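All remarks here apply to the structure that follows.
Here, each number is a calculation from the coordinates, and none is a lab measurement. Please read these numbers as outputs of a predicted model, since none were measured by experiment. In this analysis, Cβ positions are derived from the backbone assuming ideal geometry, glycine residues included, and neighbour counts consider all displayed protein chains.
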Amino acid sequence: MHLFKYRGDELFAEDVPVEKLAEEYGTPLYIYSYNTLLRHFRAYTDAFNDYPHIICFAIKSNANSAILRLFAKNGGGADIASGGELYIALRAGIPPEKIVYAGVGKTEEEIRFALRSRILMFNVESADELREINRVAGIMNIKAPVALRINPDIDPETHPYIATGLRKHKFGIPIEDALEHYRVASRLKNINVVGIHKHIGSQITKVSPFVDALKRVLILMDKLSIQGVNIKYLDVGGGLGISYRDEEPPLPKDLAKSLIPLLKGRRLTLIIEPGRSIAGNAGILVTKTLYLKRGEDREFIIVDAGMNDLIRPSFYGAYHHLLPVIRKKRDTVLCDVVGPICESGDFLARERELKRVKHGEHLAVMGAGAYGFSMSSNYNSRPRPAEVLVKGREHFLIRERETYSDLVRNDRIPGFLR
Ligand SMILES: *Cc1c(COP(=O)(O)O)cnc(C)c1O
């Protein structure tokens, strides 16, 4: 459930007309709904209320400081995948004891930063990484809290690029090898084994892959406990899907209902790492129609948002609803909605039946709150969009639109060229 709805023929973000925001802040523009974000976050805390848990928002889905602060204020933690994400999380006020750190390529510098910050745990993805964390912790004369990320070999039945829990993927440690890795980990002097982690993919629209993966992990945990390895934190990852088109994904409460009974009698703290299911439908991208052009078998609607602003359609072939910001009575045309970038892959929608739009009119790209701005780039030297947070009748700029000078801020011209 989100709060981007029509009132009459005008699209609103909570109680503010989207048209007004587009005029005030310019386009392309990311708009987030505070009450949607909060509602989605609370859907998790309410669902898992009966079991000790931490909701660690996956920062890679949306790294805006104001949004992270919102979660921090409501007891949220963070799932991070880089030193940069750690920096942003801490600065937004997320307590280090609620931060978990995954990712296959942690550098020494990043490991030091995380150890210094006293994060809850590293979700370790390989034996090599484990040794490196042990070594760095040794130099710092501390013990690194560690979970091993287990690859349970479960097919989440999602887009191949966002499945992560199959044997063929780079993520985690194959479940068959996990016992051996835990044995090694528990012998390392500067490693403190505290948890177990899995994350099988993203945009998962059924509960069964989560249940199957958890069952496999629990069998492993029982074997570990026989070996005297005591797990405190069970991190089940994120990955719950959202409705982009007509999907009907389970809700956090459905997930809780299936998972919590499996944990009966175990004294654990559950960690959940949702990203998309909290932020995805809490944000839209507003774009302006620049030109119309008749193609051979379809029309092109050329808009001012490109693949650098929202890469999901180009990258994953992802579907996003496109809605007119002001609804008009018009006939329907078959069209491609494309951006200004010099790539044929630069589109927001392909072969879409849309009501005709005219020059200067705004379109809203729905479901753009996760993996939208966070995956944006400056390709074609385009300053990245502004971000606005709407709360009831109020609206706040939470990230300024980049300027041309931002584009060259870090460039240096060597002396011999001056
Ligand atoms: C990306 C990621 C998440 C979040 O996934 P969503 O599908 O956005 O919920 C959680 N945990 C890890 C380790 C991830 O890589």
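Compare 79, 50, 153 in a GNM of the chain, Cα atoms joined below 10 Å, and give the one with the largest fluctuation.
Maximum among the listed residues: 50.
Of 306, 201, 138, which has the largest mean-square fluctuation in a 10 Å C-alpha GNM of the chain?
So, out of 306, 201, 138, the one fluctuating most is 138.
Rounded to the nearest 10 degrees, what's the angle between the helix 34-47 long axis and the longest principal axis of the chain, both from Cα atoms, 0 to 90?
Computed tilt is about 30 degrees.
Using the crude model of +1 on Lys and Arg Cβ and -1 on Asp and Glu Cβ, and no other charge, please compute the dipole size for the range 95-274 relative to its Cα centre, in debye to 20.
760
Give me the one-decimal nm value for the distance between modelled label points at residue 405 and residue 140, 7 Å along each residue's Cα-to-Cβ direction.
With each label point 7 Å from Cα toward Cβ, the separation is 3.7 nm.
Sticking with the crude label model, points 7 Å out along Cα→Cβ, report the distance from residue 157 to residue 223 in nm, one decimal please.
That separation, rounded to one decimal, is 2.7 nm.
Tell me the Kirkwood radius of the range 1-45: reciprocal of the mean inverse pair distance over distinct alpha-carbon atoms, in Å.
It is 11.4 Å.
Give the residue from 385, 415, 374 lying farthest towards the positive end of the charge dipole for the range 357-418; charges sit on Cβ (+1 for Lys and Arg, -1 for Asp and Glu) and the dipole is referred to the Cα centre.
415
Peptides 142-149, 17-24: what's the order by average Cβ count within 10 Å, highest mean first?
The most tightly packed comes first, giving 142-149, 17-24.
What's the angle, to the nearest 10 degrees (0 to 90), between helix 178-187's Cα axis and the longest principal axis of the chain?
Once rounded, one gets 60 degrees.
Using the number of other C-beta atoms within 10 angstrom as an exposure proxy, rank 181, 40 with the fewest first.
181, 40
Could you list 289, 36, 332 in order of exposure, starting from the residue whose Cβ has the fewest other Cβ atoms within 10 Å?
In increasing order of surrounding Cβ atoms, one gets 332, 289, 36.
How high is the relative contact order of the chain, in percent, counting Cα pairs under 8 Å that sit 6 or more residues apart?
Relative contact order of the chain: 19 percent.
Considering only DSSP beta bridges with both partners in the chain, what is the antiparallel share in %, to the nearest 5?
Expressed as a percentage, antiparallel bridges in the chain total about 50.
Throw me the Rg/Rh for the range 95-274, computed over C-alpha atoms with Kirkwood Rh, two decimals.
Taking Rg over the Kirkwood Rh, I get 0.97.
What ranking, highest mean first, results for peptides 209-221, 362-374 when packing means the other Cβ atoms within 10 Å averaged over each residue?
362-374, 209-221
List every residue whose amide H lies under 5 Å from the amide H of residue 348, counting only residues 5 or more places away in sequence or on a different chain, with H placed 1.01 Å from N in the peptide plane.
Amide H to amide H, under 5 Å and 5 or more residues apart or across chains, residue 348 pairs with 337, 338, 339.
What fraction of the Cα pairs in the chain, stated in percent, has a spacing above 31 angstrom?
Across the chain, Cα pairs with separations above 31 Å total 42 percent.
Return P(r) of the range 97-171 (all Cα-Cα pairs; 10 Å bins starting at 0; whole %; ordered from short to long distances).
Whole-percent P(r) values from 0 Å outward: 19, 46, 25, 10, 1.
Can you check how the C-alpha radius of gyration of the range 245-384 compares to 2.2 N^0.38 Å, as a plain ratio?
Rg over 2.2 N^0.38 Å, computed on Cα atoms: 1.31.
Could you put 61, 258, 377 in order, starting from the residue whose Cβ has the fewest other Cβ atoms within 10 Å?
377, 258, 61
To the nearest 20 Debye, how big is the dipole of the chain about its Cα centre, given +1 on the beta carbon of each Lys and Arg and -1 on that of each Asp and Glu?
920
Compare the Cα positions of 334, 71, 285 along the charge dipole of the chain (+1 at Cβ of Lys, Arg; -1 at Cβ of Asp, Glu; about the Cα centre) and return the one farthest towards the positive end.
Farthest towards the positive pole: 71.
Ranked highest first by average number of other Cβ atoms within 10 Å, how do 91-97, 194-200, 223-229 line up?
Ranking, from highest mean packing down: 194-200, 91-97, 223-229.
Just to be sure I understand: with springs between alpha-carbon atoms less than 10 Å apart, which residue in 122, 396, 57 has the highest mean-square fluctuation in the Gaussian network model of the chain?
Maximum among the listed residues: 396.
How large is the Rg to Rh ratio of the range 1-121 when both quantities use alpha carbon positions and Rh follows Kirkwood?
1.07
Considering only 182, 162, 200, whose Cα is most displaced toward the positive end of the charge dipole of the range 135-263, charges sitting on Cβ of Lys, Arg (+1) and Asp, Glu (-1)?
With unit charges placed on the Cβ atoms, the residue in question is 182.
Determine the distance separating the Cα centre of the range 390-418 from the Cα centre of the range 97-165; give it in Å without decimals.
One Cα centre to the other: 32 Å.
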